[in-house]
1. Between beta-carbons, use under 13 Å as the cut-off and find the net charge around Leu177, counting Lys and Arg +1, Asp and Glu -1.
2. Compute the distance from the alpha-carbon center of the range 75-92 to that of the range 32-74, in whole Å.
3. Rounded, prolate or oblate: which one fits the range 1-117, using the alpha carbon gyration tensor with axes a ≥ b ≥ c (rounded when a/c is under 1.5, else prolate when a/b beats b/c, else oblate)?
4. Can you tally the net charge around Val29? Count Lys and Arg as +1, Asp and Glu as -1, for every other residue whose Cβ sits under 13 Å from the Cβ of Val29.
5. Give, as a single signed number, the net charge of other residues whose beta carbon lies under 14 Å from the beta carbon of Pro78, with Lys and Arg counted +1 and Asp and Glu -1.
6. Over the chain, what relative contact order in percent results from Cα pairs under 8 Å that are six or more residues apart?
7. Given the peptides 58-67, 165-174, 108-117, arrange them by the average over their residues of other C-beta atoms within 10 Å, most packed first.
8. Just order 85-95, 181-191, 149-159 by mean Cβ neighbour count inside 10 Å, highest at the front, would you?
Amino acid sequence: MDVAQMSAVFAVLAIVAGLGVLVAVVLSVGGRFVPAIERARDSVSDSLAGWELWLAAAVAITATLGSLYYSEIANFEPCRLCWFQRIAMYPLALILPVAAFRKDRAAWLYAGPLAAIGAVIAAYHYTIQRWPSLDSGGCSIDVPCSSAYVWRQEIGPFVIEGISIPYMALSGFLLILVLLAADAMRRRTAISTDDQPMENST
């Protein structure tokens, strides 16, 4: 596949990740007020139980391979903000599979900050791509952070604008954060349930 086709694949993955984050927010917030949404939230949580860290690892690995594709195969030279996002994402591709294999309940303590920092940088990077006048000039003139290598995606009969590489990274970071939060909350709920005293059956 050529660069345009690969970018379309990455764009679809970014859209799916974004929808996943949106669904998680709706279920988390709406589940506190609407019983039907609470049941849906519990159902999704049960279906993901034990897989949250593996899914987060898959997202990090996919994002890492995608960034390497753009720089090593498509020959897109990373800007300074791209490198900062790589510094946040690449370690996640290594530590999350280990955390998933070890079923590490503290994974969110060391993976969460990396994903959060990466999300902030990616959000800023995407902002200055959409509004270049906000660029403070911190990047190289040869490789400005405000320019976008990919922006307009043709996905089948649809044409979507605004899905750039930082947008893809942002979607990945946010989905990782959601999965880490889901894993931490499930474990905390399980511990709370185990700590409850058993009722006497008389």
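1. Details: positive: none; negative: Glu52, Asp183.
Net local charge, Leu177 excluded: -2.
2. Computed from Cα coordinates, the inter-centre distance equals 21 Å.
3. On the way: a/c = 2.31, a/b = 1.59, b/c = 1.46.
Prolate is the answer for the range 1-117, as a/c is 1.5 or above and a/b outweighs b/c.
4. Working: positive: Arg32, Arg41; negative: Glu38.
Every neighbour counted, the sum reads +1.
5. Working: positive: Arg80, Arg86; negative: Glu72, Glu77, Asp142.
Charge balance in the 14 Å sphere: -1.
6. Values: 217 pairs, mean separation 61.0, N = 202.
The value is 30 percent.
7. Values: 58-67: 20.8, 165-174: 26.1, 108-117: 17.7.
My ranking of the peptides, most packed first, is 165-174, 58-67, 108-117.
8. Numbers: 85-95: 19.2, 181-191: 15.9, 149-159: 13.1.
Ranked from most to least packed, the peptides come out as 85-95, 181-191, 149-159.
Read-outs: derived from the displayed coordinates by stated rules, not from any lab. Model, not experiment: these values are computed from the prediction. Counting neighbours? That spans all protein chains shown, and the Cβs are built from the backbone with ideal geometry, glycine included.
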